[in-house]
Amino acid sequence: MYYTTACSPDEIAHRFESPEAAKKYSMKASVTAIQSREIQCVRKLLNGYGSGTSVLDIACGTGRMLPLLMEKKFKITAADYSGFMIEKATATTKAVNHNCDVEFGVENAMCMSFPDESFDVVLCNRLAHHFADPKDRVTLFRELARVSRKTVIVSFFWSLSWDALTFFLKHIIRGSKPQDRIPLPLSTIRRDIDLADLDIKHILAKKPFISKQCYLLLEKKNKPG
């Protein structure tokens, strides 16, 4: 039996910092069944937000969510740690819509350059599940809350699912300890979110009890004074 330590945020970020990673990620994002279910979840959580809503898509990758955000006529900023991901997202988006006015940029989700409360909604898809250390998750959630005026939408991997069960069984059989993409109990994520001064307003599983991916609609807590 062997054990590994959790990857740091920098190690995780550098894993995607290459043209090859951007190409691979773009190909995965084009898998219709997976992508469509994710978009359906985010679409439901964005109901009620009208044209002109300012939205930050942080850790946007190669632009998986941008067609939906453009369809809803939001004021969009798309950012990722990887310049290669942003290059691919920009090219793909402008090939579909030559007149798109999405602002693209390179940003570290753990420490962004945006001022406080810059966006109505902050969307962070497929990032939190990479952080096995709760301190890293809290740091991420706090930073997402900082740049949001009110609403944050995040995805995480939920342990209450068939996918999660098979994930842990594989590691038990191999005698290994997972260090990345680890499904977590909702109570653990709820604790991290509470420490970031956020409240869970809605929970939406991509495929309830089957897929480990789950989306949360969060709102900033109202502080006295």
Per the filter on region 189-201, residues among the hydrophobic types (A, V, I, L, M, F, W, C) and open to solvent by 50 Å² or more (accessible area, probe 1.4 Å) are LEU195
Count - residues of region 85-117 that are assigned to a helix (DSSP H, G or I), surrounded by fewer than 21 Cβ atoms within 10 Å (Cβ to Cβ) and out of contact with any strand residue (DSSP E or B) (no Cβ under 6 Å at 6 or more places or on another chain): 6
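Restricting attention to region 54-75, which residues are more than 12 Å from GLN35 (Cβ to Cβ) and not in a helix (DSSP H, G or I)? Explain how you work it out, then say what you get.
Narrowing region 54-75 to residues more than 12 Å from GLN35 (Cβ to Cβ): 54-60, 69-75.
Once the filter is applied, which keeps residues that are more than 12 Å from GLN35 (Cβ to Cβ) and not in a helix (DSSP H, G or I), region 54-75 yields SER54, VAL55, LEU56, ASP57, ILE58, ALA59, CYS60, LYS72, LYS73, PHE74, LYS75.
Could you tell me which of the residues SER26, SER30, SER82 is under 18 Å from LYS206 (Cα atoms) and either small (Gly, Ala, Ser) or modelled with pLDDT of 95 or more (or both)? Steps first, answer last, please.
Working: SER26 fails: under 18 Å from LYS206 (Cα atoms); SER82 fails: under 18 Å from LYS206 (Cα atoms).
Of the residues listed, the single one that is under 18 Å from LYS206 (Cα atoms) and either small (Gly, Ala, Ser) or modelled with pLDDT of 95 or more (or both) is SER30.
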Taking the condition of being open to solvent by 90 Å² or more (accessible area, probe 1.4 Å) and aromatic (Phe, Trp, Tyr), how many residues in region 147-164 meet it? 1
Any residue that is touching a residue at least 12 places away in the same chain (Cβ under 8 Å), among the hydrophobic types (A, V, I, L, M, F, W, C) and open to solvent by less than 10 Å² (accessible area, probe 1.4 Å) - is there at least one of those in region 165-188? no
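Report yes if some residue within region 124-136 is open to solvent by less than 20 Å² (accessible area, probe 1.4 Å) and among the small types (Gly, Ala, Ser); otherwise report no. Spell out the reasoning first.
If we filter region 124-136 for residues that are open to solvent by less than 20 Å² (accessible area, probe 1.4 Å), which is where we start, we get 124-125, 128-131.
Retained after the next criterion (residues that are among the small types (Gly, Ala, Ser)): 128.
So far as region 124-136 goes, yes, one or more of its residues are open to solvent by less than 20 Å² (accessible area, probe 1.4 Å) and among the small types (Gly, Ala, Ser).
How many of the residues making up region 118-132 are part of a loop (DSSP other than H, G, I, E, B) and not basic (Lys, Arg)? Show your work before the answer.
Quick first cut of region 118-132, residues part of a loop (DSSP other than H, G, I, E, B) only: 118, 125-127, 131-132.
When the remaining residues are screened for being not basic (Lys, Arg), the result is 118, 125, 127, 131-132.
Qualifying residue count for the region: 5.
Out of the residues in region 133-188 that are among the β-branched types (Val, Ile, Thr) and part of a strand (DSSP E or B), state the one that is farthest from GLU219 (Cα to Cα).
To start, the set of residues in region 133-188 that are among the β-branched types (Val, Ile, Thr) comprises 138-139, 147, 151-154, 166, 172-173, 182, 188.
Then keep just the ones that are part of a strand (DSSP E or B); that gives 151-154.
Working: THR151: 5, VAL152: 6, ILE153: 9, VAL154: 11 Å.
Here the answer is VAL154.
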Name the pairs whose Cβ atoms lie under 6 Å apart, with the first residue in region 92-114 and under 15 Å from GLU143 (Cβ atoms), the second assigned to a loop (DSSP other than H, G, I, E, B) and not basic (Lys, Arg), and 6 or more positions between them or separate chains? ASN108/TYR81; ALA109/ALA59
Can you confirm whether ILE193 is in a helix (DSSP H, G or I) and in contact (Cβ under 8 Å) with a residue 12 or more places away in the chain? yes
Could you go through region 47-67 and let me know if any residue there is without any contact (Cβ under 8 Å) to a residue 60 or more places away in the chain, of a type in the set (Val, Ile, Thr) and surrounded by 14 or more Cβ atoms within 10 Å (Cβ to Cβ). yes
What's the number of the condition ALA33 fails, among (1) closer than 23 Å to SER211 by Cα; (2) surrounded by fewer than 21 Cβ atoms within 10 Å (Cβ to Cβ); (3) touching a residue at least 12 places away in the same chain (Cβ under 8 Å)? (3)
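The values are calculated or read from the model by the stated rules, or taken from the named source; none is laboratory data. The structure displayed is predicted, hence computed values, not measured ones. Counting neighbours? That spans all protein chains shown, and the Cβs are built from the backbone with ideal geometry, glycine included. Note: areas computed on protein heavy atoms with side chains; ligands, DNA, RNA excluded. Shrake-Rupley method; radii C 1.70, N 1.55, O 1.52, S 1.80 Å.
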